[in-house]
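Trainee: There's a structure below that I have some questions on.
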Amino acid sequence: MAKVRGILRDGFVYVEADFDKLYRQGYGEIVDGSLEMHPLEASYLVWEQKMEVFDENGKNISFEDLLTIMINDPATFLKYVVYSDLRRRSRLVVYERATEFLRLYPKGASIGERASKQLILPLSEDQPISHDQILASLEKVMRLRKELILAVVDDEMNVTYYEIEKFSPKPRESNLKDIPEKSGVLIGDRVLIFEDPSGLYSRGFWGHPIGIEKPEPFKDYEQPLQLPLIEALYLVSRGKLKVGNPKGNIIGLEELRKIFSGVRDNAEVKERVFSYWRDLGYIPKAGSKYGVDYMIYERGPGLEHAPYLCIASDVRGKIKPIDLIRAGRLATSVRKELVVSLVSGEDILSYKLRWFKP
């Protein structure tokens with residue numbers, strides 16, 4: 001098959017004849033009777049030896065020449081990496097000139113036959129992005145009634161894809177009113193309940209009975225109960241727990257918060273997110289073994305595997321895409337969903353990620 005011939009003019013590559021097939025395959029835009037292609041699109045065709053490009057004087061323009069045109073714009077080069085990856089996977093993907101996205105069509109589609117359902121946002125794995133930027137992109141895509149895919153490019157130009165969507169967990173029944181009031185003592189970053197610890201673990205999975213590896217759901221234990229400081233903070237704030245020091249002096253809520261801030265980064269954010277999930281009737285537990293802030297249970301440990309892993313952050317905070325991918329890969333491997341819960345003023349906003357295979 002003869003190679004398509006293109007002419008580089010004013011920063012674009014023009015195909016002036018026999019371009020119908022290329023157009024149906026998602027290449028370029030028809031302008032004044034010619035197919036006008038961005039160098040990104042032409043670069044891929046040249047690399048695949050399906051096109052030859054010349055300047056207006058007849059000089060051959062190489063793949064390197066076309067790449068040089070893009071190299072001063074890192075975002076465009078990143079788009080090229082993702083674009084070429086999807087094309088090699090036999091996916092119909094269209095370069096969006098006016099947005100930060102690539103447009104992905106259903107498998108087997110041709111231009112004009114089926115509508116695009118997904119927009120792809122290319123990201124570099126080590127380039128931090130703020131959560132509000134992610135949410136802004138998600139809002140933009142949702143207004144277009146499409147789905148957002150994050151495409152994260154690593155140092156070796158491998159691409160990992162994740163679907164991202166807004167997430168509003170449905171409220172569940174909370175049994176906080178059934179929990180008896182207790183008293184505990186602060187030791188280090190733990191609160192221990194020695195006297196009458198019953199009713200906390202059995203009525204809401206609060207804390208962990210000391211010496212019991214896997215407590216049974218709804219069972220009361222006589223062993224002392226240890227509460228992580230985050231859980232103690234919540235119970236104190238809801239009037240269900242009083243905490244004292246080893247000398248018997250009561251420690252107030254604000255003082256407990258100061259202590260918590262001394263042992264945990266972003267303590268206020270983590271407390272806000274923890275309280276949000278608990279208020280909704282879910283059961284957050286420490287998620288450090290999975291590299292996240294919380295495992296989120298719907299019913300409780302021993303009754304199910306936690307369906308969610310949760311990262312807590314401020315909406316203005318930044319995250320490296322590689323950290324999202326690491327957490328997402330782990331969540332996928334243990335059959336959980338990754339949720340990012342963000343403090344935004346008085347609200348908590350969440351989005352959810354899942355691995356996507358193009």
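The values are calculated or read from the model by the stated rules, or taken from the named source; none is laboratory data. Just so it is clear, the model here is predicted, and its values are computed rather than measured. Cβ sites come from the backbone with ideal geometry, for glycine too, and all protein chains shown count toward neighbours. These accessible areas exclude ligands, DNA and RNA; they are computed on the full protein's heavy atoms, side chains included. Shrake-Rupley method; radii C 1.70, N 1.55, O 1.52, S 1.80 Å.
Trainee: Taking the condition touching a Leu at 6+ places or on another chain (Cβ under 7 Å), touching a residue at least 24 places away in the same chain (Cβ under 8 Å), open to solvent by less than 80 Å² (accessible area, probe 1.4 Å) and among the aliphatic types (A, V, I, L, M), does VAL53 pass?
Mentor: When the stated conditions are applied, VAL53 passes them.
Trainee: Would you be able to tell me the number of residues in the stretch 122-151 that are part of a strand (DSSP E or B), open to solvent by 10 Å² or more (accessible area, probe 1.4 Å) and of a type outside the set (Gly, Ala, Ser)?
Mentor: Looking only at that region, the number is 4.
Trainee: If you scan the stretch 19-32, which residues turn out to be more than 35 Å from the chain's Cα centre (by Cα) and either closer than 22 Å to GLY108 by Cα or of a type in the set (A, V, I, L, M, F, W, C) (or both)?
Mentor: Those that are more than 35 Å from the chain's Cα centre (by Cα) and either closer than 22 Å to GLY108 by Cα or of a type in the set (A, V, I, L, M, F, W, C) (or both): PHE19, ASP20, LYS21, ILE30, VAL31.
Trainee: Pairs under 9 Å by beta carbon, first residue polar (S, T, N, Q) in the stretch 344-358, partner surrounded by fewer than 18 Cβ atoms within 10 Å (Cβ to Cβ), six or more apart or different chains?
Mentor: SER344/ASP132; SER344/ASP314; SER344/ARG316; SER350/LYS166; SER350/PHE167; SER350/SER168
Trainee: From the list LEU45, LEU35, which one is at pLDDT 95 or above, of a type outside the set (Lys, Arg) and within 35 Å of the chain's Cα centre (by Cα)?
Mentor: Going through LEU45, LEU35 in turn, just one is at pLDDT 95 or above, of a type outside the set (Lys, Arg) and within 35 Å of the chain's Cα centre (by Cα): LEU45.
Trainee: Restricting to the stretch 278-324, what's the tally of residues that are open to solvent by less than 20 Å² (accessible area, probe 1.4 Å), closer than 17 Å to PRO215 by Cβ and either part of a loop (DSSP other than H, G, I, E, B) or small (Gly, Ala, Ser) (or both)?
Mentor: Residues flagged as open to solvent by less than 20 Å² (accessible area, probe 1.4 Å), closer than 17 Å to PRO215 by Cβ and either part of a loop (DSSP other than H, G, I, E, B) or small (Gly, Ala, Ser) (or both) within the stretch 278-324 amount to 2.
Trainee: Related question: Against the condition under 15 Å from ILE187 (Cα atoms) and either among the hydroxyl-bearing types (Ser, Thr, Tyr) or surrounded by 18 or more Cβ atoms within 10 Å (Cβ to Cβ) (or both), how does LEU229 come out, does it pass?
Mentor: So LEU229 passes the test.
Trainee: Sticking with this one: Considering only the stretch 90-121, state which residues are among the polar types (S, T, N, Q) and open to solvent by 40 Å² or more (accessible area, probe 1.4 Å).
Mentor: The answer is SER90, THR99.
Trainee: Among the residues of the stretch 195-226, how many are crowded, with 20+ Cβ neighbours inside 10 Å and more than 36 Å from the chain's Cα centre (by Cα)?
Mentor: Within the stretch 195-226, residues that are crowded, with 20+ Cβ neighbours inside 10 Å and more than 36 Å from the chain's Cα centre (by Cα) number 1.
Trainee: Taking the stretch 52-111, which residues are in a loop (DSSP other than H, G, I, E, B), β-branched (Val, Ile, Thr) and closer than 17 Å to GLN25 by Cβ?
Mentor: ILE111
Table: residues versus (1) among the aliphatic types (A, V, I, L, M); (2) farther than 27 Å from ARG114 by Cβ; (3) touching a Gly at 6+ places or on another chain (Cβ under 6 Å).
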position	(1), (2), (3)
LEU8	yes, yes, no
LYS21	no, no, no
GLN25	no, no, no
GLY28	no, no, no
VAL31	yes, no, no
SER34	no, no, no
HIS38	no, no, no
LYS50	no, no, no
SER62	no, yes, no
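Trainee: Something else about it: Has the stretch 244-252 got at least one residue that is within 21 Å of ALA286 (Cβ to Cβ), part of a loop (DSSP other than H, G, I, E, B) and in contact with a strand residue (DSSP E or B) (Cβ under 9 Å, 6 or more places away or on another chain)?
Mentor: no
Trainee: Looking at (1) within 15 Å of VAL82 (Cβ to Cβ); (2) touching a Lys or Arg at 6+ places or on another chain (Cβ under 7 Å); (3) in a loop (DSSP other than H, G, I, E, B), which is the only condition LEU119 fails?
Mentor: All conditions pass for LEU119, except number (3).
Trainee: Name the one entry in LEU92, LEU78, LEU123 that is within 25 Å of LEU324 (Cα to Cα) and at pLDDT 95 or above.
Mentor: The match here is LEU123.
Trainee: Scan the stretch 152-186 for residues that are more than 26 Å from ALA312 (Cβ to Cβ), within 20 Å of the chain's Cα centre (by Cα) and surrounded by 14 or more Cβ atoms within 10 Å (Cβ to Cβ) and report the count.
Mentor: The qualifying residues number 2.
Trainee: Would you please name the residue that is nearest to ALA306 (Cα to Cα), looking only at residues in the stretch 257-277 that are aliphatic (A, V, I, L, M) and crowded, with 17+ Cβ neighbours inside 10 Å?
Mentor: Ranking the qualifying residues of the stretch 257-277, first place goes to VAL273.
Trainee: Then there's this: Which one of these does LEU253 not meet: (1) buried (at least 19 other Cβ atoms within 10 Å of the Cβ); (2) in contact with a helix residue (DSSP H, G or I) (Cβ under 6 Å, 6 or more places away or on another chain)?
Mentor: (1)
Trainee: Sticking with this structure for a sec: Given the options ASN72, ASN60, name the one that is open to solvent by 50 Å² or more (accessible area, probe 1.4 Å), touching a Phe, Trp or Tyr at 6+ places or on another chain (Cβ under 8 Å) and not basic (Lys, Arg).
Mentor: Of ASN72, ASN60, the one residue that is open to solvent by 50 Å² or more (accessible area, probe 1.4 Å), touching a Phe, Trp or Tyr at 6+ places or on another chain (Cβ under 8 Å) and not basic (Lys, Arg) is ASN60.
Trainee: Then there's this: Exactly one condition in (1) in contact with a helix residue (DSSP H, G or I) (Cβ under 9 Å, 6 or more places away or on another chain); (2) surrounded by 14 or more Cβ atoms within 10 Å (Cβ to Cβ); (3) not in a loop (DSSP other than H, G, I, E, B) is not met by TYR14; state its number.
Mentor: The single condition TYR14 does not satisfy is (1).
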